[in-house]
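*Asks:* Structure incoming, see below.
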Amino acid sequence: MRSTPLLLVPALALTAGCVTGIPPEALALRPQTMQMRQLQSRRFATGDEKMILSACVALLQDLDFNLEEASSELGLVVASKDRSAIETGQVIGSLIIALLSGASTPTDKEQRFRASVVTRLSEDRKSVGVRVTFQRIVWNTENRVSRNEALENPEFYQAFFEKLSKAVFLEANEF
């Protein structure tokens, strides 16, 4: 019995030498990463971070999102909304496969959109940076996640920031 632990020490030493760590390419940024970050970010010429957060919350609520978390100290807002994910073409395709093969295939049923907003007051306290990200999670008729993706449509982010600019203006001028 006492020899077993002694045999484990060399075995563990040999296997520890096999661990190579994280491959360098796993930590490399894709060329599109900076472009996406620029689409997701804007700077507002005000030092009032709480007003910016308030405008973000109001805008997300106007877009039918439900507030999940908010922290003015952290400059964070997280919200979500649930929608149907049923697509007619997918349902028809599933029916055709079922008729031809007798096998049923799951189709998308519901989806959740999540929005995360992070703000940061500049060091000179004269502007606030805002970054928003949107994700989508889709569940199928078997209640399994069929898609979990970041939304990367540039027009979507442009429209969000146009509305946010208007909301900031209205918030700043108390309309």
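*Asks:* Go through (1) over 18 Å from Glu162 (Cβ atoms); (2) under 20 Å from the mean Cα position of the chain (by Cα); (3) buried (at least 16 other Cβ atoms within 10 Å of the Cβ) one by one and return the number of the condition Cys56 breaks.
*Replies:* (1)
*Asks:* In the set Asn143, Asn148, which member is part of a strand (DSSP E or B) and more than 22 Å from Cys56 (Cβ to Cβ)?
*Replies:* Criteria check complete, one pass: Asn148.
*Asks:* When you check Glu68 against the structure, is it among the charged types (D, E, K, R), in a loop (DSSP other than H, G, I, E, B) and either out of contact with any Leu (no Cβ under 6 Å at 6 or more places or on another chain) or on the phi < 0 side of the Ramachandran plot (or both), yes or no?
*Replies:* no
*Asks:* Something else: Only one of Asn143, Asn173 is over 19 Å from Asp82 (Cα atoms), of a type outside the set (Phe, Trp, Tyr) and out of contact with any strand residue (DSSP E or B) (no Cβ under 7 Å at 6 or more places or on another chain); which?
*Replies:* Numbers: Asn143 fails: over 19 Å from Asp82 (Cα atoms).
Step by step, each of Asn143, Asn173 is checked, and only Asn173 is over 19 Å from Asp82 (Cα atoms), of a type outside the set (Phe, Trp, Tyr) and out of contact with any strand residue (DSSP E or B) (no Cβ under 7 Å at 6 or more places or on another chain).
*Asks:* I would also like to ask the following. If Val91 passes every condition in (1) closer than 26 Å to Ala55 by Cβ; (2) without any contact (Cβ under 8 Å) to a residue 40 or more places away in the chain; (3) surrounded by 12 or more Cβ atoms within 10 Å (Cβ to Cβ) but one, which one does it miss?
*Replies:* Single failed check for Val91: (1).
*Asks:* Further question on the same structure: If I filter region 102-118 for residues that are touching a helix residue (DSSP H, G or I) at 6+ places or on another chain (Cβ under 9 Å), exposed (fewer than 13 other Cβ atoms within 10 Å of the Cβ) and over 29 Å from Gln32 (Cα atoms), do I get at least one hit?
*Replies:* Among the residues of region 102-118, at least one is touching a helix residue (DSSP H, G or I) at 6+ places or on another chain (Cβ under 9 Å), exposed (fewer than 13 other Cβ atoms within 10 Å of the Cβ) and over 29 Å from Gln32 (Cα atoms), which makes the answer yes.
*Asks:* Still on this structure, I have one more. Identify the residue in region 92-118 that is part of a loop (DSSP other than H, G, I, E, B) and of a type outside the set (S, T, N, Q) and, among all such residues, is nearest to Ala58 (Cα to Cα).
*Replies:* Here is the first cut: in region 92-118, the ones part of a loop (DSSP other than H, G, I, E, B) are 102-107.
Now narrow it down to the ones that are of a type outside the set (S, T, N, Q): 102-103, 106.
Working: Gly102: 49, Ala103: 47, Pro106: 37 Å.
Ranking the candidates gives Pro106 first.
*Asks:* Would you confirm, using the coordinates I've provided, whether Arg131 is closer than 14 Å to Met36 by Cα and out of contact with any Phe, Trp or Tyr (no Cβ under 9 Å at 6 or more places or on another chain)?
*Replies:* yes
*Asks:* May I pose another question? Do you know which residues across region 1-58 are modelled with pLDDT under 90 and basic (Lys, Arg)?
*Replies:* Within region 1-58, Arg2, Arg30 meet the criteria.
*Asks:* Looking at Arg114, Arg136 in this structure, which one is modelled with pLDDT of 85 or more, under 25 Å from Ser71 (Cα atoms), touching a Ser or Thr at 6+ places or on another chain (Cβ under 7 Å) and charged (D, E, K, R)?
*Replies:* Details: Arg136 fails: touching a Ser or Thr at 6+ places or on another chain (Cβ under 7 Å).
None of the other options fit; the residue is Arg114.
*Asks:* I would also like to ask the following. Restricting to region 33-51, count the residues that are in contact with a Ser or Thr (Cβ under 9 Å, 6 or more places away or on another chain), surrounded by 16 or more Cβ atoms within 10 Å (Cβ to Cβ) and more than 18 Å from Lys166 (Cβ to Cβ).
*Replies:* 2
The values are calculated or read from the model by the stated rules, or taken from the named source; none is laboratory data. These numbers come from a predicted model, not from an experiment. Note that each Cβ is placed from the backbone with ideal geometry, even for glycine, and that neighbours are counted across all protein chains shown.
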